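These notes are about the structure you will find just below.
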Protein chains: 2
Amino acid sequence: MPHPPKPTDAELLILRVLWAHGPSTVREVHDALADARTVAYTTTLKTLQVMTEKGLTLREDHRGQHLYRPRLAEAETQQRLVRDLLDRAFGGSTSKLVLQALASRRTSPEELREIRRFLNPRSPKARKESGDD
Amino acid sequence: MPHPPKPTDAELLILRVLWAHGPSTVREVHDALADARTVAYTTTLKTLQVMTEKGLTLREDHRGQHLYRPRLAEAETQQRLVRDLLDRAFGGSTSKLVLQALASRRTSPEELREIRRFLNPRSPKARKESGDD
DNA sequence: GTTGACATACGACGTCTCTCGTAGGTATGC
DNA sequence: GCATACCTACGAGAGACGTCGTATGTCAAC
């Protein structure tokens, strides 16, 4: 299975915990999630089982418990999601998406600086090309 | 109802037709959609009925037929969607989203120029520093 | 008035998502 | 042994989505 499917909302919430905390038990994920929302422990467990079935997470045994970790890196998943939105809502126009992103929230000067640095590199060196497929 | 809910995939497809063609009958939407995918006429009709119920579209009578049009402008909907993704997948960091957007596809020089124009509005200081014009 | 071509309304079904409750395993302490 | 506390597995249900078939309405032409 080359591409796992797009994560759903609940799945993305869990992935964010895994990306931030590294490989985690169900308990750890569940506790980290508890700040944001309240669900039963078995809900977190079941979701992680489904995610593993879908190929979104990997599972390994660790002293009689299961340890889960994301199958795809955060940046890779973000890129897929952004590409999906690009096609679905912006007709593939990156500039329209970027302009709407910049308009949708007040962007901090630090963030603007980062974007400019990416767009106008000091040296004429080529920007990073993607090409994951 | 102030905010209509986020459009689903099928609904967004229809909205894109409406934004491009202006107020349209079910038949017109259905025909425009037929290029991309094949569904029964009543599927398009039903989806438009649901969308109107949700507040995504407005309906008016026109010579015994119904004319549908989007309730929100394209840019407004795009902004909502981008903000939603921003929160769900990027922890609210606009710069991360923008960078991933730029990395996710080869962006044409024309699009890059547009983004730069937006980021570096005509100001002597900015022009002297970046010299991108 | 009957037919045909078109329209809308609506119920129903399969699938997916999210949620939970219950059942069953395993280890530790008494 | 037995209870307690943790774990996993799994079935089930409510709701959303996308899809379609069928019923019903309208209007013009014959």
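The values are calculated or read from the model by the stated rules, or taken from the named source; none is laboratory data. Keep in mind that what you see is a predicted model, and the values were worked out from it rather than measured. We place every Cβ from the backbone using ideal geometry, glycine too, and count neighbours over all the protein chains shown.
Residue-level check: of (1) within 14 Å of chain B (Cβ to nearest Cβ); (2) more than 16 Å from DNA strand C (Cβ to nearest atom); (3) surrounded by fewer than 16 Cβ atoms within 10 Å (Cβ to Cβ), A:Q79 misses just (3). Restricting attention to region A:38-52, and to residues there that are among the aliphatic types (A, V, I, L, M) and within 8 Å of DNA strand C (Cβ to nearest atom), which single residue is farthest from the chain's Cα centre (by Cα)? Per the criteria, the residue is A:A40.
Among the residues of region B:9-36, which ones are within 12 Å of DNA strand D (Cβ to nearest atom), among the charged types (D, E, K, R) and out of contact with any Leu (no Cβ under 8 Å at 6 or more places or on another chain)? Within region B:9-36, B:D9 is the sole residue that qualifies.
The residue that is nearest to A:F118 (Cα to Cα), counting only those in region B:87-98 that are facing chain A (nearest Cβ under 7 Å) and under 20 Å from the mean Cα position of the chain (by Cα), is B:V98. Of the set (1) crowded, with 20+ Cβ neighbours inside 10 Å; (2) within 14 Å of another protein chain (Cβ to nearest Cβ), all apply to A:A73 but (1).
Taking the criterion of being among the small types (G, A, S), more than 12 Å from DNA strand C (Cβ to nearest atom) and free of Cβ contacts under 8 Å to residues at least 40 places away in the same chain, the residues of region B:1-37 that qualify are B:A20, B:A32, B:A34, B:A36. When B:T57 is tested against the conditions (1) hydroxyl-bearing (S, T, Y); (2) farther than 22 Å from A:L99 by Cβ; (3) modelled with pLDDT under 90, the lone failure is (3). Does region B:87-98 hold any residues that are in a helix (DSSP H, G or I) and surrounded by fewer than 20 Cβ atoms within 10 Å (Cβ to Cβ), and which are they? Scanning region B:87-98 gives B:D87, B:R88. Consider region B:101-112 and keep the residues that are in a helix (DSSP H, G or I) and over 19 Å from the mean Cα position of the chain (by Cα). The one that is nearest to the other protein chains (Cβ to nearest Cβ) is B:A103. I'd like to check something: does region A:29-48 contain any residue that is loosely packed, with under 15 Cβ neighbours inside 10 Å and under 22 Å from A:R80 (Cβ atoms)? Taking every residue of region A:29-48 in turn, none turns out to be loosely packed, with under 15 Cβ neighbours inside 10 Å and under 22 Å from A:R80 (Cβ atoms). Out of (1) within 14 Å of chain A (Cβ to nearest Cβ); (2) within 17 Å of A:A89 (Cα to Cα); (3) more than 10 Å from DNA strand D (Cβ to nearest atom); (4) surrounded by 15 or more Cβ atoms within 10 Å (Cβ to Cβ), the odd one out for B:T57 is which? The number of the failed condition is (1). Of the residues examined, B:A101 is one that is under 12 Å from A:L102 (Cβ atoms), buried (at least 20 other Cβ atoms within 10 Å of the Cβ) and of a type in the set (G, A, S).
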